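Notes follow once the structure below has been shown.
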Amino acid sequence: MKTQKIVEEEEVVRKGYDDIAREYQAKRQTFDNVEVLTEFFHYLPKCARILDAGCGAGVPCADLAMQAGFEVVGVDFSSSMLKMARKNVPEADLIKEDMTKLGFPDNSFDGLIALYSIIHVPREMHASLYQQFHEILKPEGMMLMCIGSDEWEGTDAYFGTQMFWSEPSLENTLKMVKNAGFQILSGKHLVIGGERAYWITARNQ
């Protein structure tokens, strides 16, 4: 059960992205994720079903996956972001849903992508989040995620609104991912769009 503190932190994120959707996406859309996403796509079977967890406005991630021939399901709890996503990737199955409370059956997906989204989930929820990812991915299913480079938690001004971030230490994140049932195939720091993040590719076991 979520504490009042977690509920309030999540509401800061949801409201924040509702307020800044267009400004935020104008910046995020310039991030060149093509290389890292294309590398990840090579792990997936033809016509794989992918979950984009925290899909935002659907570009570039969901759009690139659709162009690669995959079936894409995107979830986000920001109405403004989903409204943009439905225009950007109308062929994707886009659902307004909290990524910490996904309602999909076990073994629903061949792949899962979580880019710039886990960093907004309160750290108390991370272990259960990775466990949930493990359950909805098929055995041998693949996950691509990025997290912050440094341990930090707080609320700060962002594009003229308030935004909340929660980032455990890298050591703790790697431990939680492994404990949830994933084999980490690669992990590396990348600077994309001027932002430094740690990118993890993992296989479900």
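Readers should treat all values here as calculations from the given coordinates under stated rules, not as data from a laboratory. Because the structure is a prediction, the values reported are computed rather than measured. Backbone-built Cβ (ideal geometry, glycine too); neighbour counts: all protein chains shown.
So Asp32 clears everything in (1) surrounded by fewer than 20 Cβ atoms within 10 Å (Cβ to Cβ); (2) in a helix (DSSP H, G or I) except one condition, right? Which one? The number of the failed condition is (2). Scanning the stretch 83-108 for residues that are surrounded by 22 or more Cβ atoms within 10 Å (Cβ to Cβ) and over 13 Å from the mean Cα position of the chain (by Cα) returns Ala85, Val89, Ala92, Leu94.
The residue pairs whose first member lies in the stretch 113-138 and is among the β-branched types (Val, Ile, Thr), whose second member is part of a loop (DSSP other than H, G, I, E, B), and whose beta carbons are closer than 7 Å, counting only pairs six or more residues apart or on different chains, are Val121/Thr100; Ile136/Leu102; Ile136/Phe104; Ile136/Asp106; Ile136/Ser108.
Just one of the listed residues (Met176, Met145) is touching a residue at least 40 places away in the same chain (Cβ under 8 Å), surrounded by fewer than 19 Cβ atoms within 10 Å (Cβ to Cβ) and either within 16 Å of the chain's Cα centre (by Cα) or under 17 Å from Ala114 (Cβ atoms) (or both), and it is Met176.
Table: residues versus (1) closer than 20 Å to Tyr24 by Cα; (2) in a helix (DSSP H, G or I); (3) in contact with a strand residue (DSSP E or B) (Cβ under 6 Å, 6 or more places away or on another chain).
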| site | (1), (2), (3) |
| --- | --- |
| Lys101 | no, no, no |
| Asn107 | no, no, yes |
| Tyr116 | yes, no, no |
| Phe133 | no, yes, yes |
| Met143 | no, no, yes |
| Thr155 | yes, no, yes |
| Trp165 | yes, no, no |
| Ile184 | no, no, yes |
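If you go through the stretch 71-99 and keep only what is in a loop (DSSP other than H, G, I, E, B) and either touching a strand residue (DSSP E or B) at 6+ places or on another chain (Cβ under 9 Å) or within 16 Å of Tyr17 (Cβ to Cβ) (or both), you end up with Phe77, Ser78, Val89, Glu91, Ala92, Glu97, Asp98, Met99.
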